[in-house]
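This report concerns only the one structure given below.
The values are calculated or read from the model by the stated rules, or taken from the named source; none is laboratory data. Quick caveat, the model's predicted, so the values are computed rather than measured. Positions of Cβ are generated from backbone atoms using ideal geometry, with glycine treated the same way; all protein chains shown enter the neighbour counts.
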Amino acid sequence: MTGETVPKFSNDVVSTLPEAGAGVQLRSSETARKQMETLATLSLNRDGGFQELRGGSLGVRLATTEAERDAAQALRYRVFFEEMGARPDEKALRTRRDVDPFDEAADHLLVIDHARSSGAEGVVGTYRLLRSDVAAKTGGFYSSAEYDISCLTEFPGRILEVGRSCVAPEYRGRAVMQLLWRGIASYIFLHHIDVLFGCASLHGTSPDALGDELTWLYYNHLAPPALRVKALPERYVEMQRTDPLHLDRRACLSKLPPLIKGYLRLGGYVGDGAVVDEQFNTTDVAVLVKSELLADKYYRHYERRLRDALD
């Protein structure tokens with residue numbers, strides 16, 4: 001870890017995604033790209049930018065003011081430091097905000113409870129989104145402190161780093177989780193993202209205690225070579241820790257955090273090597289999802305919704 005303390009994904013997000021069975025037939029990359037172009041055009045034609053998605057009193061949209069971004073950082077502090085036990089540095093303790101250098105460049109996806117407020121006071125969930133075209137101008141990605149992501153930064157397409165997700169305790173349910181994920185999908189369509197990635201955490205700092213989970217991930221979900229990020233040499237922790245032939249699939253999956261299971265259900269991958277973070281009492285793995293997997297799931301829903309709005 002370099003610089004200020006930086007929490008990982010919360011395990012709440014993406015806990016409600018559908019299983020991606022082995023028999024699912026995905027559309028080609030070219031078809032998926034055309035789908036995303038259609039969706040992005042519809043969204044831009046409607047209002048010139050990211051459209052808020054609503055579910056009852058809840059809505060998901062991007063932060064548009066400094067006050068809203070501050071509210072997201074305050075929520076992150078309450079969840080990561082006060083609730084989950086991360087150790088704040090002096091600045092974080094003084095300001096009661098979780099802030100790092102990447103916040104300035106990133107977009108901040110917010111879940112707003114309009115019954116409380118349609119502005120900063122209504123922020124009940126957040127997720128940080130950092131695009132490659134922005135990161136290239138502002139110092140890169142957070143994940144590069146743990147992983148060699150050169151295979152992604154050199155990838156002939158647009159990539160999106162996702163992270164810093166958290167939800168207020170009283171809102172941790174299916175509605176908020178689905179809104180956050182729909183917001184990410186809409187953002188991916190709008191910006192023609194090819195791959196999203198980030199770091200996800202397993203609780204605890206003993207790789208041996210997490211041996212079954214790490215081994216299962218490595219042998220069943222390792223990313224293909226073109227997308228296989230690798231933990232930095234000085235932080236690399238071997239994931240192959242037990243005999244894969246003796247692993248119980250159901251037991252391994254039951255011990256994985258909901259966030260990681262959610263990405264696997266979308267057909268996601270993990271990178272090579274785990275990273276232990278003593279400060280946050282976690283063992284991290286890199287996760288990656290190709291956007292065509294999202295396009296297959298969300299295309300018909302968004303195409304119908306956006307075209308109806310234009311009629």
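Among all residues of segment 201-217, there is at least one that is of a type in the set (Asp, Glu) and more than 18 Å from residue 270 (Cα to Cα). Across segment 246-254, a minimum of one residue is classified as outside any helix (DSSP H, G or I), more than 16 Å from the chain's Cα centre (by Cα) and either farther than 19 Å from residue 143 by Cβ or without any contact (Cβ under 8 Å) to a residue 24 or more places away in the chain (or both). Residue 96: modelled with pLDDT of 95 or more and in contact with a Leu (Cβ under 6 Å, 6 or more places away or on another chain), yes or no? Considered against the rule, which asks whether it is modelled with pLDDT of 95 or more and in contact with a Leu (Cβ under 6 Å, 6 or more places away or on another chain), residue 96 comes out as no. Given the criterion out of contact with any Leu (no Cβ under 6 Å at 6 or more places or on another chain) and modelled with pLDDT of 95 or more, identify the matching residue among 74, 86, 135, 106. When all the criteria are applied, what remains is 74. What are the residues in segment 82-101 that are touching a helix residue (DSSP H, G or I) at 6+ places or on another chain (Cβ under 9 Å) and in contact (Cβ under 8 Å) with a residue 60 or more places away in the chain, if any? Within segment 82-101, 83, 86, 87, 88, 92, 98, 99, 100, 101 qualify.
Being under 12 Å from the mean Cα position of the chain (by Cα) and either over 13 Å from residue 197 (Cα atoms) or crowded, with 18+ Cβ neighbours inside 10 Å (or both): is that true of residue 152 here? No: the conditions fail for residue 152.
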